[in-house]
Amino acid sequence: EIRIAHVYGKTGSLEAYAAQSHNGLMLGLEYATNGTMEINGEKIVLIEKDTQLKPDIGRALLEEAYGDDDAHIAVGPVSSGVALAMLPVAEEYERVLIVEPAVADSITGENWNPYIFRTGRNSSQDAISNAVALGGEGVVVATLAQDYAFGRDGVAAFREALEETGATIAHEEYVPTDTTDFTAAAERIFTNMADLEGEKKLFIIWAGGGNPMGKINAMEPERFGIEIASGGNILAALKAHKEIPGMEGATYYYYEIPQNPINEWLVKTHFERFDSPPDFFTAGGMAAGLAIVEAIKRAGGAEDTDALIEAMEGMTWETPKGPMQFRVEDHQAMQSMYHFRTEIQDGKDYGVPVLVREIGMDEMNIPVRNQ
Amino acid sequence: MIVKLLSGDQPRSVLLTLLLLVTLVCLAGAPFLFDGVRALDTAARICIFIVLAASYDLLLGYGGIVSFAHTMFFGLGAYGVALASSHMGRGFDALLVGSVSGTVAAIILALLIGLFSLRVRAIFFAMITLAVASALAVLVSQFSGLTGGEDGLTYKIPRALTSANRMGEFMGTQISGKILNYYLVFTAALILFLLLLRIVNSPFGRVLQAIRENDFRAEAIGYRVIWYRTMATCLSAAVAALAGSLFAIWLRYVGPDTTLSFEIMLDILLMVVIGGMGTMYGAVIGATLFILAQTYLQNLMGSASEATSALPLVPDLLNPDRWLMWLGVLFILSVYFFPTGIVGRLRERRAS
Amino acid sequence: MTLAPDHKPTFANLSLTDRLGKAMPVILVPILIVLGFVAIGAPSSWLTLTVSGLAMGMMIFIMASGLTLVFGLMDVINFGHGAFISVGAFVGVSVLIALGDWTGAASLLLNMAAILLAVVAAMAVTGALGWGFERVIVKPVYGAHLKQILVTVGGLIVIEQLIYVIWGPDEIFINRPEMLKGAVTFAGAAMEKYRLLAVGIGLVLFIAMRMVLRRTKIGLIVRAGVENGPMVEALGYRLRIVFVGVFIAGSALAGLGGVMWGLYQEVITAGMGEEMMVLVFIVAIIGGLGSVEGAFIGALLVGLLQNYVAFLEPKLALVSNIALMTTILMWRPQGMLPVVKAK
Amino acid sequence: MSEPILSLRGLHTDIAQYHILQGVDLEVPRGQVTMLLGRNGVGKTTTLKSIMGQWSAKSGQILYDGQDITRLPVSARARAGIGFVPEDMGIFRDLTVEENMVLGCTTGPLDPARKDWLLSAFPALGTFWHSEAGNLSGGQKQMLSIARAMVEERKLYLIDEPTKGLAPAIVSTMAQALRELKAQGASILLVEQNFSVARALGDSAAVMDDGRVIWTGEMAELAANKDLQERLMGLSMETH
Amino acid sequence: MTQTLLETDALTVRFGGHVAVDAVSSSFRAGELTAIVGPNGAGKTTYFNLISGQIPASSGRVKLLGEDITRLGVADRCRRGLGRAFQLTNLFPSLSVLENVRLVIQSKQHKGFGLFSMADSHQELTVAAMAILERVRLDIQKGQLVSELSHGDQRKLEVALLIGLDPMVYMFDEPTAGMSVDEAPVILDLIAEIKADRARTVLLVEHKLDVIRSLADRIIVLHNGALAADGPPAEVMASAVVQEAYLGKELDHV
Ligand SMILES: Nc1ncnc2c1ncn2[C@@H]1O[C@H](COP(=O)(O)OP(=O)(O)OP(=O)(O)O)[C@@H](O)[C@H]1O
Ligand SMILES: Nc1ncnc2c1ncn2[C@@H]1O[C@H](COP(=O)(O)OP(=O)(O)OP(=O)(O)O)[C@@H](O)[C@H]1O
Ligand SMILES: CC(C)C[C@H](N)C(=O)O
Ligand SMILES: [Mg+2]
Ligand SMILES: [Mg+2]
């Protein structure tokens, strides 16, 4: 049998993401094995473990998964903090850990080790795709982000990529993570942008609660000729986009965008099973499931970790987002992102991201940071 | 001899004595009695949290001081080891330097907090400590270059203490550095606990109790209350920092969520209160039960949910994903049924 | 060496500083606004920040008002308050979603009616919840702060988890009623319409609470009951009923706060109330325990200061509340207008 | 002679595991001052608290005004017309003198005439009307506690050691106030260590020892009989 | 031989506008028992509070053995030899009677910061404490919690704590209030014994005239916070002002 451990934050504030990720993983395994849940005649056994979003528990659970349950491959977790605590365990037990969907760059950067792969996108991919989508000559951009590593790293990557497109950054605004009142931040941005020339955009990088977009939009940035821009999000959060039709940005996944058989199957099956469309992290989870099956098939089994790693390095496989490829250097999955524009459509109570163009994996120069 | 070790503070209840003995035996023999890395990890965690809860009991149960900054001291100890290990490289010297500097930092901070703010009303002192603790958490998140920010720090400890160090077999169990590491944690925890037990039963401990009861009168019979309170704060901070160092050595990872969060603060509070405030042994019982519940409640609920799957609604409520709800219920019930803590309850039974 | 036969103690005149000290907290708000103007300079920015700071303060006040009763007067540290805020938001938002036709219509009347219904429903549910909470969870722990913290945190966790069970784990996004979307611009300052509504509701609530506490003995009975319950009963008051009543009122106010906050945020999560608890406690403390006026002023100060500081020096915004609390406690260790002494 | 306003029959009260009252029988006649005397720790306070309901009786009966109140809640007893001045005075320290007095009125607002009467007996309360009661001197607190119980008319007053800590001048005004109360038709059960006050005020007396009433009779009889005093309460009263 | 132990020099305190103690100057000599009398609210307890440091003085000075202690804290004054029993009982309610007294003796012997010895191994504390409990006749109740004592017994313990502290200056604030007639003499005898020790001075606030008559060497009258009379008992008691303002009409004549 093939033992796969899904170690993720089932309970806690990211519960909704976790559920999506898990459904995706199961669908991925199912699709890749044609519903048999067997690879080369060996049964897949899935072990679930709940990190409770706590790094120490996540670490203990991964040890348990590798040590006591003898899992061949582990997948997870949702939170970057937990992921970082888990990385050394993979190295110690010499087993593969596929990180999905935690995003921190350092997972495939300075804290990386050869047993770590990531199917989810990293922060740089997010930021750079947005830069590619928004940038261009004569574009002037201000950023608004949370004042901690996630926000600052995101802006740094965004800035770097944006400069290549010929656009300029006019102002960077950082606010505390738990900010609820954005009046002051907006005033500062307006004050700094009011007298500039060009196509003015305000790019917002935000994770978690609070809703800067809606509140800043309510302060009528168009008075100063400023347009709001932001990346994609889970479906529930797209409701906030409804207030800002025409907003552009880059997204990781929206179920109507990718056109390929896997995605068709995913959307259809998801509607059948859950009566709702697949979301952000469903797609990611599925990509991880597909990668596992593909890798085991190529390595001819899951017992030999070195063979697995060898099979996975540089491996290209099909996902609901089209082909992905594990980059050899840092095991980060290269993938397409989607430049979108928000539209309002009948029957949908959220702002629909409509594809402007697909940003292929070669178009983005994602830095390798694990050296 | 035993009386001396326990500082004359015997458990004073047969059942309690039994419980404590069982706990001691299980912890002392954990690597051989249970198998699996998870069990060992749980045992180590129990040792560490016993010390942490006991140090908090010194402050809360004996000193009557409500502080929400205890995790901050815990964190200082942990970050001390983490920073030393990541900057000095793996090695015992790093562990030592880290623990000592973390502890010293904790004592200094405790001294400052104590002298400046122990004069205000209890509830406001609590709020001030909450503020200071959250300020420190903000600092940790801001100086991510040094502290790893929200993501925390991962580092290496001496090879002798990791599972890579294989030392042969004993009683059917592979003896690895990990087991050595466990005994380091266990021994240190035991010593620290006995030390705390001695302190609360010393003349100093008695004065603390008097101050808790009636600080006004304690001052009037010649005790400088501020100094005693500050001393208690420093002692408990120092022990908490050492517990943090042990945690860092055991975990080889330090981050805000594992050492600084308010959630852990509440866990400690619950351990002390369930166990029985002002009893020290309460910390042992409270920490053990709490960690066991935290670790195994979900598994338990999983089986319960399956067992009841025929019934309506019940399996939903017993769904392992809802384990937090039952933890909440546990919070409520334990305060309800053990108003004086488990230790208090056990001793009462004997008295009547 | 003669004794005055009419035993009258000597009184000296109060000094000017003593008298000014009494009025000081009330003057603090205008002082802060003037300081803000000096520091910011640009009138339109200052106006925007001031008005939205005041409005934010009002919203915080609405959430803190119930805590002022329960924590300030009854001396119960109730973390459950956070859960009531969340429940209020979920109930209110559910009602609003159900009344989608009313909120979607471009009629102020229908919009307000929908909000009113949402508020009533939320307050009814959280009031009832508060009643159960008091009976089951809080009653055994009156007077014991630590246990209060523990049981109410327990209650908080349970209620949050029940929200997950009932409404699912997803955050719920909601758009405001049609007529409350967007802003009004005035003198170059844009002012969200919704904030104006919050100001109105906050003011009405403030005046109503003040009246009730001034005109009735309820406040006195509660304060006396906290200090010496048996004596209050020996005077003939049914203390239980008063306590339960006040607790229900406090919980219902949390529900109101939840609806208002949910509609402001436009996204609600089970943890939203919990996240506000520290701020809400800060407001109750700097105001002085048990004081509606103090909480009101405290909330306005917090709202204003946050906005000014975030504009002038965003880095400091992280600590502005904590600094405010520390400064005020150093100046007045019992808070600005204490009605009840801290223990 | 009408039935007594209060009678206790075989009252037993436990506090925690201690059996404190061991069958107290006591009658308080209407319109009279009944003294409850005895050494420290014999159960006088416990008797008053049992009547008030603050300790609940384990067995026995409390008849008040023709009604069995043994199982009534505390507040109901108070509303039935029993006023209580506890041993520890039960002052609300954080409330002002005025607020303490206002809380004494359960049926309506403070009656100005009544207030004037009380302030003339205890002028210090008027002086500190708006100050926090916790800052009052020991004797002033005692006055406040008594005045608060008297602020509305009650049928029966239970008063526990009202003169402790009062200066002699105030003791006599207090005694005068209690007499006026009696003149208004109230009945009083008074615990007192100051024997001259007891002698001056009491109509009848009951002496307790070891959780029981061991002697009842006319106050005058007890005051006149030194041997009896010696036997019941230890030393002779006259020397102190 | 009669050394001045304690002095107050124009000691004053104001609460808001209210002058509770008004420039009181006096001195207390060894071997002397001074009764402090005055109507309720005259400032007697507050005067004690100023001497022992519970309340900071607005102006004026307190001197112990000629040394200015006005700026010292309560604990420091206590360590230098000022001891105080309180008017309203003020003990450690959930500790045992014995432990209450032991704590006082431990403080006297400066053993409070002993961190690593076992409290119960200090036999000398227990022995000393028991001796004192016997003197106030509380020895049978030694194991009881203070909260379980009757009011009168708590008053006795209050006195016991002061005796355990064995200060140079004893301050009693109505020690016999609420004590029954057969118990009070025990306490009064104790006070007489202390007075007999010529190295101590006793300050006694009392409302019971017979107690004052039998014990006091000197009486101080406070009125409205100010010193109204100071002299030998007979003289002071006889003065018209004391008669009128303090004693009022004797009870028996009403
Ligand atoms: N809370 C309590 N717990 C345990 N025992 C108590 C408690 N309160 C009182 N007792 C005991 O009950 C007995 C009677 O006490 P009570 O207070 O009724 O005496 P009393 O006659 O009023 O004495 P005093 O004149 O000293 O006030 C005493 O022996 C006392 O120790
Ligand atoms: N902290 C305080 N704040 C305000 N007023 C106070 C304070 N302490 C005492 N007083 C006032 O000072 C006056 C003197 O009080 P003190 O307690 O000294 O009286 P006393 O002489 O001891 O009276 P008694 O015989 O009734 O105990 C009282 O009127 C009291 O109200
Ligand atoms: C998008 C989310 C899954 C990101 C998550 N909060 C993380 O830290 O990685
Ligand atoms: Mg009594
Ligand atoms: Mg006094």
Pull up the stretch A:79-100, narrow it to residues that are open to solvent by less than 10 Å² (accessible area, probe 1.4 Å) and in contact (Cβ under 8 Å) with a residue 60 or more places away in the chain, then point me to the one that is farthest from ligand 1 (Cβ to nearest atom).
A:Val96
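Inside the stretch D:1-38, can you point out the residues that are within 12 Å of chain E (Cβ to nearest Cβ), farther than 20 Å from E:Leu145 by Cα and not aliphatic (A, V, I, L, M)? Spell out the reasoning first.
Looking only at the stretch D:1-38, we keep the residues that are within 12 Å of chain E (Cβ to nearest Cβ), and these are D:15-18, D:20, D:37-38.
Then drop every residue that is not farther than 20 Å from E:Leu145 by Cα, which leaves D:37-38.
Listed by number, the list holds a single entry, D:Gly38.
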With respect to A:Gly76, is the statement that it is open to solvent by less than 20 Å² (accessible area, probe 1.4 Å), in contact (Cβ under 8 Å) with a residue 40 or more places away in the chain and within 16 Å of ligand 3 (Cβ to nearest atom) true?
yes
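Of all the residues that make up the stretch B:234-265, how many are polar (S, T, N, Q), at pLDDT below 95 and touching a helix residue (DSSP H, G or I) at 6+ places or on another chain (Cβ under 6 Å)? Before the answer, list the steps.
Going through the stretch B:234-265, the residues polar (S, T, N, Q) turn out to be B:236, B:245, B:258-259, B:261.
If we keep only those that are at pLDDT below 95 as well, we get B:258-259, B:261.
In the following step, the residues that additionally are touching a helix residue (DSSP H, G or I) at 6+ places or on another chain (Cβ under 6 Å) were identified as B:258-259.
Final tally of qualifying residues: 2.
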Sort out which residues of the stretch E:179-210 are of a type in the set (Asp, Glu) and away from chain D (no Cβ under 14 Å), and write them in order of number.
E:Glu193, E:Asp197
Going by the conditions given, is A:Glu42 away from ligand 4 (no atom under 16 Å from the Cβ), more than 12 Å from every other protein chain (Cβ to nearest Cβ) and either out of contact with any helix residue (DSSP H, G or I) (no Cβ under 8 Å at 6 or more places or on another chain) or among the aromatic types (Phe, Trp, Tyr) (or both)?
yes
Unique residue being assigned to a strand (DSSP E or B) and of a type in the set (Gly, Ala, Ser) when the list is A:Ala184, A:Ala207, A:Ala170
A:Ala170
Could you tell me which of the residues D:Thr107, D:Thr163 is in a loop (DSSP other than H, G, I, E, B) and within 12 Å of chain E (Cβ to nearest Cβ)?
D:Thr163
Being open to solvent by 50 Å² or more (accessible area, probe 1.4 Å) and outside any loop (DSSP other than H, G, I, E, B) is the filter here, so list the residues in the stretch C:324-342 that pass it.
C:Thr326, C:Thr327, C:Met330, C:Trp331
With A:Ser124, A:Ser129 as the choices, which residue is over 30 Å from A:Gly301 (Cβ atoms), of a type outside the set (A, V, I, L, M), surrounded by 24 or more Cβ atoms within 10 Å (Cβ to Cβ) and in contact with a strand residue (DSSP E or B) (Cβ under 6 Å, 6 or more places away or on another chain)?
A:Ser129
Just one listed residue, out of C:Lys341, C:Lys315, is within 14 Å of chain D (Cβ to nearest Cβ) and among the charged types (D, E, K, R), and it is C:Lys341
Residue within the stretch E:74-90 that is modelled with pLDDT under 90, within 16 Å of ligand 4 (Cβ to nearest atom) and within 14 Å of chain D (Cβ to nearest Cβ) present
yes
Residue count, the stretch C:308-323, condition crowded, with 19+ Cβ neighbours inside 10 Å, of a type outside the set (Val, Ile, Thr) and more than 16 Å from C:Leu28 (Cβ to Cβ), comes to 4
In the stretch C:59-84, how many residues are more than 16 Å from C:Glu134 (Cα to Cα) and among the aliphatic types (A, V, I, L, M)?
5
Between a residue in the stretch B:306-323 that is within 14 Å of chain A (Cβ to nearest Cβ) and under 25 Å from A:Leu53 (Cα atoms) and any residue that is outside any helix (DSSP H, G or I) and among the basic types (Lys, Arg), which pairs come within a Cβ distance under 7 Å, given they are 6 or more apart or on different chains?
B:Asp321/A:Lys10
Can you find a residue that is more than 16 Å from ligand 5 (Cβ to nearest atom), within 30 Å of E:Lys156 (Cβ to Cβ) and in the same structural domain as E:Pro233 (by TED's automatic domain parsing) anywhere in the stretch E:46-63?
yes
Between D:Glu98, D:Glu132, which is touching a Phe, Trp or Tyr at 6+ places or on another chain (Cβ under 7 Å) and free of Cβ contacts under 8 Å to residues at least 60 places away in the same chain?
D:Glu98
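Every residue, every condition in (1) touching a Lys or Arg at 6+ places or on another chain (Cβ under 6 Å); (2) farther than 16 Å from C:Glu266 by Cα; (3) crowded, with 19+ Cβ neighbours inside 10 Å, yes or no:
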position: C:Thr68; (1), (2), (3): no, yes, yes
position: C:Gly80; (1), (2), (3): no, yes, yes
position: C:Ile97; (1), (2), (3): no, no, no
position: C:Thr103; (1), (2), (3): no, no, yes
position: C:Met112; (1), (2), (3): no, yes, no
Of a type in the set (Gly, Ala, Ser) and either more than 10 Å from every other protein chain (Cβ to nearest Cβ) or closer than 28 Å to C:Phe90 by Cβ (or both): is that true of C:Ala270 in this structure?
yes
Within the stretch D:53-64, does at least one residue satisfy the condition of being touching a residue at least 40 places away in the same chain (Cβ under 8 Å), within 13 Å of ligand 1 (Cβ to nearest atom) and not basic (Lys, Arg)?
yes
Go through the stretch B:199-249 residue by residue and tally those that are within 7 Å of chain E (Cβ to nearest Cβ), open to solvent by 10 Å² or more (accessible area, probe 1.4 Å) and charged (D, E, K, R).
4
Subset of the stretch C:222-237 (residues that are surrounded by fewer than 23 Cβ atoms within 10 Å (Cβ to Cβ) and closer than 22 Å to C:Met209 by Cα):
C:Val226
Among E:Lys156, E:Lys195, the single one that is part of a helix (DSSP H, G or I) and open to solvent by 10 Å² or more (accessible area, probe 1.4 Å) is E:Lys195
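Results for (1) away from ligand 4 (no atom under 14 Å from the Cβ); (2) within 24 Å of D:Ala183 (Cβ to Cβ); (3) assigned by the TED database to the domain that holds D:Cys105; (4) not in a loop (DSSP other than H, G, I, E, B), shown as yes or no for each residue.
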residue: D:Leu36; (1), (2), (3), (4): no, yes, no, yes
residue: D:Asn40; (1), (2), (3), (4): no, no, no, no
residue: D:Thr47; (1), (2), (3), (4): no, no, no, yes
residue: D:Ile51; (1), (2), (3), (4): no, yes, no, yes
residue: D:Gln54; (1), (2), (3), (4): no, no, no, no
residue: D:Lys58; (1), (2), (3), (4): yes, no, no, yes
residue: D:Leu63; (1), (2), (3), (4): yes, no, no, yes
residue: D:Leu72; (1), (2), (3), (4): yes, no, no, no
residue: D:Ser75; (1), (2), (3), (4): yes, no, no, yes
The strands (runs of 3 or more DSSP E) lying wholly within the stretch E:1-89 that contain at least 3 residues that are open to solvent by 10 Å² or more (accessible area, probe 1.4 Å) are E:4-15, E:18-29, E:59-64
Go through the stretch E:116-156 and count every residue that is more than 8 Å from every other protein chain (Cβ to nearest Cβ), among the small types (Gly, Ala, Ser) and without any contact (Cβ under 8 Å) to a residue 12 or more places away in the chain.
1
Do we find a residue being surrounded by 15 or more Cβ atoms within 10 Å (Cβ to Cβ), more than 11 Å from every other protein chain (Cβ to nearest Cβ), out of contact with any strand residue (DSSP E or B) (no Cβ under 6 Å at 6 or more places or on another chain) and at pLDDT 80 or above anywhere in the stretch B:143-152?
no
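The values are calculated or read from the model by the stated rules, or taken from the named source; none is laboratory data. For clarity, every value in this text was computed on a predicted model and none was experimentally measured. Positions of Cβ are backbone-derived with ideal geometry, glycine not excepted, and every protein chain shown enters the neighbour counts. Note: areas computed on protein heavy atoms with side chains; ligands, DNA, RNA excluded. Shrake-Rupley method; radii C 1.70, N 1.55, O 1.52, S 1.80 Å.
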